Amino acid sequence: MEKSFDIELVNQNEYLVRWASEGQTGVSLVHTNPDFLAEVGLDGFDEQRVVEETTSYLAEHQPVIDFPQTVDLEEIAAAYTDYTEQLKARLEAR
């Protein structure tokens, strides 16, 4: 299943994610919260990379056509208990 993502900074701590999968397209607005990133030990990483890895993580856990229009990292962490641990491992591996 082919998926592609285009990520663009649109405002401070806000990224527009355009996605395409199985002939469908959509957009989500991802909010990064510097306080949350610091709280979970991810404040030293580039925010765009955080969004890229978050998008990939979400795509592994749900169909991209089900991505919400607005995504907050805190909500992902609440829904997926391994999210912050997995995200940190992905960011450190690059």
Just grab the label-to-label distance for Leu9 and Ala38, each label 7 Å out from Cα along the Cβ direction, in nm (one decimal).
-> 1.9
Using a simple charge model, +1 on the beta-carbon of Lys and Arg, -1 on the beta-carbon of Asp and Glu, nothing else, what dipole does the chain show about its Cα centre, in debye to the nearest 20?
-> 240
Which percent of the accessible area of the chain is formed by carbon and sulfur heavy atoms (probe 1.4 angstrom)?
-> 44
At what distance in angstrom do the alpha carbon centres of region 72-94 and region 43-71 lie from each other?
-> 9
Solvent-accessible surface (1.4 angstrom probe) belonging to Asp72, in square angstrom, nearest 10 | 40
Leading residue at positive end of dipole, region 31-94 (Cβ point charges), from Ala93, Gly44, Pro63 | Ala93
Accessible area expressed per residue, the chain, with surrounding protein chains retained (probe 1.4 Å, Å²) = 58
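The values are calculated or read from the model by the stated rules, or taken from the named source; none is laboratory data. Please read these numbers as outputs of a predicted model, since none were measured by experiment. Glycine gets a Cβ as well: all are built from the backbone with ideal geometry, and neighbour counts include every protein chain shown. Please note that ligands, DNA and RNA were not included when accessible areas were found on the heavy atoms of the full protein model with its side chains. Shrake-Rupley method; radii C 1.70, N 1.55, O 1.52, S 1.80 Å.
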